[in-house]
Each structure stands twice: as C-alpha cells, then as structure tokens.
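Right, I'll just put the structure down here and ask away after.
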Amino acid sequence: MFRQAKWDEPNIYELSNGREGVRFSHINDTFRDIMGEISIDANMKREKDPQLPEVSEVEVIRHYTRLSEMSYGVDNGPVPLGSCTMKYNPRVALKYSSDDRLAFIHPLQPEESIQGLLKALYDLQTWLAEITGMDYCTLHPAAGAQGELTGILTIRKYHEIKDQIGVKDEILIPDSAHGTNPASAIMGGFKAIEIPTADDGNIDFDAFLAALSERTAGFMITNPNTLGLFEERILDIEENVHEKDGLLYYDGANLNGILGKVRPGDMGFDIAHLNLHKTFSSPHGGGGPGSGPICVKNRKVVDGITLKDLIPGPMIYYDETEGIYKIKWPGRYSPGLLKAFFGNVQQLLWTYVYILSLGPQGLKETGEVSVINTNYFVKLMEKYRGYSIPYGRRFRKHEVVLSSEPLHEETGVTAEDVSKGLLDVGFHAPTIYFPLIVKEALMTEFTEGETKENIERYAKRLGEIEDIARKDPEEPKKWPKNTSVGRVNMVKANHPKTLIPTWRIKILREKGLIKTLR
Ligand SMILES: *Cc1c(COP(=O)(O)O)cnc(C)c1O
C-alpha cells in the first residue's frame, strides 16, 4: 500500500541554529598558499555577511531528504500529464550536460575558446531543423510560451515588412489549443479567433473557411492536437491560409507522437516551436527552466529578405574561411532578443545528448512506442462504463483525452475526485479539465518511458475508482488520504493572495499572517 511521508518540516531558515557544515577555512588556506591571493575591489565587497542558514551538514541532508519524501515526480512513478509530456530524464544526458567544462564558461568568452559548445549548439540547430523539416532554428527562447511569442512576433514582422499589419490583425486558433496559444497571439498584438472542433476531432472546416479572410495574419495549430488526434485536412488548411498570405504556425510543444514520422515542414508550416523540456526529456515542472527553440522555413518575405532574417536570438554558424563556429546576433528585421544570450544552455546540451544517444532510429522508436502506449491504454479503458472516449474511435497519437462525465452523471464524482483517487495509490494524476472542449477531461499521456505493467495498473485503478464511486459516492470526496498534503482548495491554491512565495515563514507566523504550512 502507498503512503507518502508526512513531515512537519520547517524551512531551512527556521532550522538555522548557528552550526556549520563543512569547514572551508583550511582548504582555503592551502589553496591561497599555492594559488596566491584573490584580490577583490573594496567597492565590490559586501558590507554585511549574507544571512544564510547555518545548519550542520547532516541536518541539511536530512532536511532535503525529508522534503523529497513528500514529493512526487517521474522518479517515483508514472506522471501521465497529457500535453505536458513528463518523460523520464535519462541520467546520461544529465552527466554530459552538467560537465564542468561547460558549466564554468561564460557567454562573453571569445568564440575561439568555446568552440566545443558552439559546435554542439550548431549541430543541435541542424538536427532540430531536420526533425521538424524546417530550414533554420534558433535555440534562444526559454520555454514553449516564449517560443510561441517569438513566433508570433516573427509573424508580426513578416506583415510589417510587407506593410500589411493594419489589415492583418487576426490569428486563427482551434478551440482545442493550449491556453498559451491565444495568450501569445494577443501579447503579440493580434486578435485570437477561435475555430471550433468538429465531431470527428478535426477542426470544423466550414467554420475555418468562414473565419479565414484578408485579416488572417496566421493560423496557429497543434498537430496532432491536444486530443491526440492528427488533423486530417492539414494540407487543405495550409493551402487556404497561404492563399490569404497568412503564415502557418506549428505548436510543437509536444512532438512525441510524430517523432521521426511526420514533419511540420512537410505539412507546410512556416514556423514551429519545440519544447525541449517535453519531447526531448530535459527535466521540467515547478516553473522551469525550459527551452523552446523555434524553427522557420526559408520563406520569402520580400525581395532579399526571408523568414530566416526575422527570427530572434543569436544563431551559430560555421565560418568556412576561418574554420571556426561563430555567433550571429539577430539582424535589423528581427524582434531582437527575448532573453539573454543563447537561452537555457544546459537544456540545449541535455537535448543534444538525448538525440545523440537515440539516433534517428531511436527517435522514430520513441514516437512509435509512445503511440502504442496510448492506444493500449485506450483499449484497456474501453470496458469501463464510467469513462468515455470523446471524438470517435480514431487512433490516438501521443495522448488521449478521456471523459469521466458518465461517472459524474451517475454518481456526482468529478474528474478532480478521480485524480485524487489516483494519487492515493502512488500515481500522478493526468492533466484534468483540459482541453476545455471535453467535460470532466482526463488527458493522459504515458510517453515511451512507461511500462506495460504500469499502464495496466493505471487503467485498473481507474476501474476501481468507478466501483468505489458507485458503492459510496461520498468516499472519493475524502481523497487523497495517503499523500503528504490532503485535498487542497483548487481555487485558493491558485490564487496569488494565498500563495506565499517566501522563506520568511517564521516572521509571517509570528505576525499571525499564517497559522500553519498546510
Ligand atoms: C506545454 C505546452 C505549451 C507551453 O509550453 P511551456 O514551456 O509550458 O510554456 C504550449 N503548447 C502545448 C501544446 C503544450 O503542451
């Protein structure tokens, strides 16, 4: 039986008791003797010591071990968060991406002194272009949402240069889209126009044609979409959007289901972003760090300018005459820099190693196994009456959206209750209540990393939850019972006024501002 630890753990500042961990002074002395004094300008020295917690080494270790015992991640068990792609983070990628030779270099070092890094980044640019079927990639954006904004700003530049920005003010987006899509379109200065999904899970083509006009600046779509279904009329969509001189934007945050099989570039897309922290296995969650490179086709904007000239961030190129890799900073047609330097380099190197370790064949198998895992799960779920599989019996790609609406109608038990029932036996919940077009949505994605046995256990547990809900509909409302933290109020937990992101808990407690951590 699963039980998560419940420690009433103070934070590290509250534990501070004036003890010391390692004594560095004699190591420092020896070092100084052989290396000489480090001289630091007086005006760069701190006036006061930083107020760091002082705890003995063993207490530090115990503190963080206890915290880890109250946590759940992909190293504990399955995390089938649809769309978010939480896959296993291979340690070989960690080993190489954290290598000291890379960790201690500085982005302002001369190019000749970081040739190894530049070559790795150059190769990664090339590989991602190959994987997406595009011509050029910039590794610069720091997350999926930032990649989207970068792409939208690139679309904006395209229309600005063509002097049609006053006319082109709409981006079409399916209603199954990730919430960041309309947000990015609006941040980029466009209106977001929602296109409904038809009963078969494709976009409603007539509604799309009706929405398409001279005002269409671009079309932004995830394919396969968030229902895990491949948009069957993508080539027709492409033709129509391009006819109106709109650009096609591919939200490739989650590429798992088509990896090595189908490429956005071949579907006619002009711009695509990828989430390296999803498909390419670098760790994520808890707010980052991420990496959302964008890739573009070499599409003509006006004479002498192509989309490549528009993308922001530094790009790496190989200078044939000098025989070295160099950095090209964004040019005058580009939106410029969205963050400092090359983005999150460790994530980039992680992806570099991940791709290197799998090779083209391995990437293809990754896609295949993730699709098989999803469809195996769908098959297992068919026998349960409490869950339906909206949008037909089509094959899924990387993920599937189940609906627990039948169970809800019968017993009043919600998707939230169901997910708490999963937590109670040591699973992570799927993504729930998204996409918005499915009621009581349970959006599930196992990725290539999950075992057959775990997928079977997961389906079986969903079946058990259904049985319990029928026998005693009140019981699921009491879940979770076996986790470190019980049921939280979903509204409060997301409300900025109740979130206290500070280590000064002690002070807040003394002032009576909070009573207890949970
Ligand atoms: C995760 C995701 C995003 C956003 O990516 P972030 O890195 O979280 O900003 C966008 N679109 C889809 C389909 C996603 O799954």
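The values are calculated or read from the model by the stated rules, or taken from the named source; none is laboratory data. Remember, it's a predicted structure, so these values are computed and weren't measured experimentally. Heads up, the Cβs are rebuilt from the backbone with ideal geometry, glycines too, and the neighbour counts pull from every protein chain shown. Keep in mind that these areas ignore ligands, DNA and RNA; they rest on the heavy atoms of the full protein, side chains included. Shrake-Rupley method; radii C 1.70, N 1.55, O 1.52, S 1.80 Å.
If you scan region 233-254, which residues turn out to be within 11 Å of the ligand (Cβ to nearest atom) and not aromatic (Phe, Trp, Tyr)?
Result: Asp251, Gly252, Ala253, Asn254.
State all residues of region 73-83 that are touching an Asp or Glu at 6+ places or on another chain (Cβ under 8 Å) and either open to solvent by 40 Å² or more (accessible area, probe 1.4 Å) or more than 13 Å from the ligand (Cβ to nearest atom) (or both); if no residue qualifies, say none.
Of everything in region 73-83, those that are touching an Asp or Glu at 6+ places or on another chain (Cβ under 8 Å) and either open to solvent by 40 Å² or more (accessible area, probe 1.4 Å) or more than 13 Å from the ligand (Cβ to nearest atom) (or both) turn out to be Pro78, Pro80.
Quick one: would you say Tyr88 is under 30 Å from Ser419 (Cβ atoms), without any contact (Cβ under 8 Å) to a residue 60 or more places away in the chain and either among the basic types (Lys, Arg) or open to solvent by 100 Å² or more (accessible area, probe 1.4 Å) (or both)?
no
Can you tell me which residue in region 273-283 is farthest from the ligand (Cβ to nearest atom), limited to those that are in contact with a Gly (Cβ under 7 Å, 6 or more places away or on another chain) and open to solvent by less than 10 Å² (accessible area, probe 1.4 Å)?
So, considering only residues that are in contact with a Gly (Cβ under 7 Å, 6 or more places away or on another chain) and open to solvent by less than 10 Å² (accessible area, probe 1.4 Å), the one farthest from the ligand (Cβ to nearest atom) is Leu274.
So if I check each of Leu229, Leu212, which one is open to solvent by 10 Å² or more (accessible area, probe 1.4 Å) and either in the same structural domain as Val378 (by TED's automatic domain parsing) or of a type in the set (A, V, I, L, M, F, W, C) (or both)?
Among Leu229, Leu212, only Leu212 is open to solvent by 10 Å² or more (accessible area, probe 1.4 Å) and either in the same structural domain as Val378 (by TED's automatic domain parsing) or of a type in the set (A, V, I, L, M, F, W, C) (or both).
Would you please list the contacts, defined by Cβ atoms under 8 Å and residues six or more apart or on different chains, that run from a residue in region 2-15 that is open to solvent by 50 Å² or more (accessible area, probe 1.4 Å) to a residue that is small (Gly, Ala, Ser)?
Hits for this filter: Phe2/Gly426; Lys6/Ser484; Trp7/Ser484.
Tell me the residue from Leu436, Leu442 that is touching a residue at least 40 places away in the same chain (Cβ under 8 Å), open to solvent by 30 Å² or more (accessible area, probe 1.4 Å) and under 21 Å from the mean Cα position of the chain (by Cα), please.
Being touching a residue at least 40 places away in the same chain (Cβ under 8 Å), open to solvent by 30 Å² or more (accessible area, probe 1.4 Å) and under 21 Å from the mean Cα position of the chain (by Cα) holds for just one of Leu436, Leu442, which is Leu436.
Residues are listed down the side, and each one gets a yes or a no for (1) under 24 Å from Leu436 (Cα atoms); (2) more than 12 Å from the ligand (Cβ to nearest atom); (3) modelled with pLDDT of 95 or more; (4) of a type in the set (Ser, Thr, Tyr):
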site: Glu214; (1), (2), (3), (4): no, yes, yes, no
site: Glu231; (1), (2), (3), (4): yes, yes, yes, no
site: Gly268; (1), (2), (3), (4): no, yes, yes, no
site: Ile271; (1), (2), (3), (4): no, yes, yes, no
site: Gly285; (1), (2), (3), (4): yes, no, no, no
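Additional query: Across region 183-193, which residue is least open to solvent (accessible area, probe 1.4 Å) among those that are closer than 16 Å to Thr154 by Cα and of a type outside the set (Gly, Ala, Ser)?
So, considering only residues that are closer than 16 Å to Thr154 by Cα and of a type outside the set (Gly, Ala, Ser), the one least open to solvent (accessible area, probe 1.4 Å) is Phe190.
Output the residues belonging to region 120-154 that are more than 19 Å from the chain's Cα centre (by Cα) and within 16 Å of the ligand (Cβ to nearest atom).
Leu153, the sole residue that qualifies.
Just to check your reading of the model, which residue among Val92, Val79, Val55, Val74 is modelled with pLDDT of 90 or more and in contact with a Leu (Cβ under 9 Å, 6 or more places away or on another chain)?
Values: Val92 fails: in contact with a Leu (Cβ under 9 Å, 6 or more places away or on another chain); Val79 fails: in contact with a Leu (Cβ under 9 Å, 6 or more places away or on another chain); Val74 fails: in contact with a Leu (Cβ under 9 Å, 6 or more places away or on another chain).
Answer to the selection: Val55.
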